[in-house]
Amino acid sequence: MKKIVIALAMSLVFVSQANAECVVQETTSFKQRGQIDSISNITKKVTPYNNDKQRCKVFFDARVDGQMHKAMGSYIFTDSEESGCGVAFENAKRSLLEELFPQKVDSRSLLICDERDPDLKLTGLEGLTPHPKHPGFVYQGQKCKYFYDTVQEGSNFYQWTVIMCQTGLKKWSEIDRF
């Protein structure tokens, strides 16, 4: 008997998770330490690439923390040589700093799930309590019932009697409130 209860509980957990609607919020930040103190001996080389594209390679010497380092960056472009080589120059600086100084990457993920049954969200009966003294009735061919709705406004509580009629398989609509 104990095994059956455990199996049933596990299957209920699985079903609950299968109906959950989840959204992942992710944030990632990169921090690069270090800086280039000076740059000298800049050269560029532009060569034809595929079809109407060109490749710009930029080379330079950079002083970082008092030591000289060689840097190279490239970029394939279709627009102007000036902007293409500008991107190659920035790529060379970034590559050099990444090589000399490790990046700090901070990544956070937040999983937000709504585990309520989606059918229950759409019934129209949420927050209502069945009225204990009024039986259900039929109105214009629809099954109807009385419910209580308790509403708080500030420190005051109000209780409404609500008539709801079934308009679909699991859908109810409010007909009257008094």
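Each reported figure results from applying straightforward, stated rules to the coordinates on display, with no laboratory input. Source: prediction; values computed, not measured. Cβ sites come from the backbone with ideal geometry, for glycine too, and all protein chains shown count toward neighbours.
Some notes on this structure:
- Net charge, ASP106 excluded, C-beta distance under 14 Å - Lys, Arg +1, Asp, Glu -1: +3
- Translational diffusion coefficient of region 35-178 (Stokes-Einstein, Kirkwood radius from Cα pairs, 20 °C, 1.002 mPa s): 96 µm²/s.
- Rg to Rh, two decimals, where region 118-177 supplies the alpha carbon set and Rh follows Kirkwood: 1.01
- Summed side-chain charge close to TYR49 - residues other than TYR49 whose Cβ falls under 14 Å, Lys, Arg +1, Asp, Glu -1: +1
- In this structure, the pairs whose alpha-carbon distance is over 29 Å, taken from LYS31/LYS53; LYS53/LYS104; LYS70/LYS104, are LYS31/LYS53; LYS53/LYS104.
- Total charge dipole magnitude, region 31-106, about the Cα centre, Cβ charges on Lys, Arg, Asp, Glu only, Debye to nearest 20: 160 debye
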